[in-house]
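The structure under discussion appears below in the form of structure tokens.
The values are calculated or read from the model by the stated rules, or taken from the named source; none is laboratory data. Given the structure is predicted, the values throughout are model-derived calculations rather than measurements. Neighbour counts are summed over all protein chains in view; Cβ atoms, including those assigned to glycine, are modelled from backbone coordinates with ideal geometry. When the accessible area is computed, the model is the full protein with side chains, heavy atoms only, and any ligands, DNA or RNA have been set aside. Shrake-Rupley method; radii C 1.70, N 1.55, O 1.52, S 1.80 Å.
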Amino acid sequence: MANDQFGKKVQTQSNKEVFFISDFSNLDIKKVVITDVIILDYSNKEGCRGFLNQIRSSFVESIYLTPVFILSINEDVDSFTKSLTDGTVHSLQEEAFIGPFQAIEQRIRQLQSTNNQDQEIKILNKILRYYYTRQSRMKPIISAKSHTGYSFPLLSLHYQNVNTEEKFSILDKLVSKEFLRPRYEDLVHLCNNCYSGFLNYREVCPKCSTSDLYTENLIHHFVCANVAPESDFINGDQMVCNKCNRMLRHIGVDYDKPSLIYTCNNCGHHFQESVMQALCMSCESVHNVDSLLERKIYNYELTALGEESAIGGLVPSEKQDAEMAGFIGFSTFNIFLKYEIERIKNSGKTSSAGSLSLRTPAALSNSLGVKYNTVVTEVAEFIKNATLATDILTFINSNTFLIISPDNDKFRLESLLNNIRHSVQKLIDSNIDEANIMVKIKAENIDSTKNHNDLINSLLTNNGAG
Ligand SMILES: [Zn+2]
Ligand SMILES: [Zn+2]
Ligand SMILES: [Zn+2]
């Protein structure tokens, strides 16, 4: 049956475009764009998962960010599906989803449009924007289908098991750029050839490497000091020493069992120290356990910088650096800031750091397009000229400027930033009609009480001073 309808429209008080889908045949993914909320019927699990994966694996923002709920009356929703949806509902009543829907919708409206062709940046942007609009942590789930045993569902839609290394490197990149803050979950051991965590650990013979071993106790007979495998002492239902012919009666009194002895069923070798090996059940390679990869598994939350980046959208860093002469990249800025914190500790001098942000409604920056970039470049130019040659400047996400001002305290920096703020506000208002762009500033002393991360977080959050 052809299904050119897109599910059933759910009547709501708020007049939102809410669609309930229970027939998953011939659905047109493009129609997701016109919906506000989609509710999928979990009684058809396969169909539900398939369509959900299609939505979340899209690179079109108005598709992959769409709030999706699962209708499940009695059943528990599997963890993969759960982590890609915005909640499970038991009825189609609006009260069941309106709260989370509104929170997500309000955050989606803050996002500024980006236009990137670079595949990796698209994925980085997607991760930041998805978790920003959901206000949730990116958590791994335990999954036997995942190569490593852990899966990050949103990422796994873009990376196959063979790309595990790339998947890890995306996560590490987001952490090293300080967009995500990791929290430890587990440690996994992985095959160093294919990253699989499906490993068979076993003890093998040090001579011929077979795992076909026979183990028995070693017996130490106290009176004659004979040490031999237990089987050498067995004589019917008694134990007799083959060296001194005495009977062994009481463990701890006549004899003890100091350790195990291995015998290889393949080559006959006797040994006390076996070798531990792991056979990879995915690529069939064999490894000594100390050559396995150790990988820490984390869950992640967006930092203040991550949230800024989600809103502004990432651009390739070469482009960003080239655009702004006199500004350094954010990672270099971080190094300067760490260095400045150390210098202050040792010298007892006072330095400060500050921020200046343009609070631009997304709709405005989107409608201005290139013109907005021109204005931002002018603002950057102005800031560069208004600050001291010794000040260190960086610029992030088309909206926020950060400054380190060595040997200036926060009050001097604040008053400097305030002057800049007034001029920048004038500049904007004279360039853009009904600009509605707020310029916010904040300054803090650099001291040993805050590390560079905390300091940057503090400068980026609530910089409502001004
Ligand atoms: Zn052997
Ligand atoms: Zn003996
Ligand atoms: Zn392997």
Can you tell me which of 217-225, 121-129 comes out highest on packing, and rank the rest after it, using the mean Cβ neighbours within 10 Å?
121-129, 217-225
1.4 Å probe accessible area per residue over the range 1-151, in Å²:
49 Å²
Relative contact order, percent, the range 237-365 [alpha-carbon distance under 8 Å, six or more residues apart]:
7 percent
Taking R0 as 41 Å, what's the FRET efficiency between SER62 and SER415 from their Cβ-Cβ distance, rounded to 0.05?
0.40
GluC sites (Glu not before Pro), restricted to the range 1-78: which are DSSP loop and have at most 16 other Cβ atoms within 10 Å?
GLU17, GLU75
Tally the DSSP beta bridges in the chain and give the antiparallel ones as a percent, rounded to 5.
85 percent
Mind giving me the FRET efficiency for SER43 and ALA362? R0 is 45 Å, r the Cβ-Cβ distance, nearest 0.05 is fine.
0.75
Counting heavy atoms of the protein chains only and a 1.4 Å probe, report the per residue accessible area for the range 187-331 as a whole number of Å².
54 Å²
Find, among the GluC sites (Glu not before Pro) in the range 390-460, those assigned to loop by DSSP (not H, G, I, E, B) with at most 10 other beta-carbon atoms within 10 angstrom.
GLU434
For the range 167-232, take N as its residue count and report Rg(C-alpha) divided by 2.2 N^0.38 Å.
2.18
In the range 335-387, taking the dipole from +1 charges on Lys and Arg beta carbons and -1 charges on Asp and Glu beta carbons about the Cα centre, the listed residue (PHE336, ALA363, ASN373) farthest towards the positive end is PHE336
Assuming R0 = 35 Å, can you tell me the calculated FRET efficiency for the pair VAL175 and ASP429, based on Cβ-Cβ distance, to the nearest 0.05?
0.35
Convert each backbone phi in the range 244-261 into a coupling constant with the Karplus relation 6.51 cos²θ - 1.76 cosθ + 1.60 (shift: θ = phi - 60°), then list the ³J(HN,Hα) values in order as whole Hz, x for Gly and Pro.
10, 6, 7, 7, 9, 10, 10, 5, x, 9, 8, 7, 9, 10, x, 6, 9, 10
Looking at the range 347-451, which trypsin sites (Lys or Arg not before Pro) are in a loop (DSSP not H, G, I, E or B) and have at most 15 other Cβ atoms within 10 Å?
LYS349
Gain on full stretching of the segment that runs from SER25 to LYS450 - 0.36 nm per residue minus C-alpha separation:
147.4 nm
Percent of C-alpha pairs per 10 Å bin, the chain, short to long
4, 15, 19, 18, 15, 11, 8, 6, 4, 1, 0
Give me the extension gain from GLU230 to ASN161: residue separation times 0.36 nm, minus the current Cα-Cα distance, reported in nm with one decimal.
20.0 nm
Share of accessible surface on carbon and sulfur in the chain, whole %, 1.4 Å probe and ligands ignored, is 48 percent
Dipole magnitude of the chain about its Cα centre (Cβ charges: Lys, Arg +1; Asp, Glu -1), debye to nearest 20:
680 debye
Normalised by the residues of the range 159-300, what does the relative contact order come to in percent, with Cα pairs under 8 Å and at least six apart?
33 percent
For the range 294-304, in residue order, the Karplus 3J(HN,Hα) values (coefficients 6.51, -1.76, 1.60; θ = phi - 60°; whole Hz; Gly and Pro = x) are 9, 9, 7, 9, 10, 9, 10, 10, 5, 7, 4
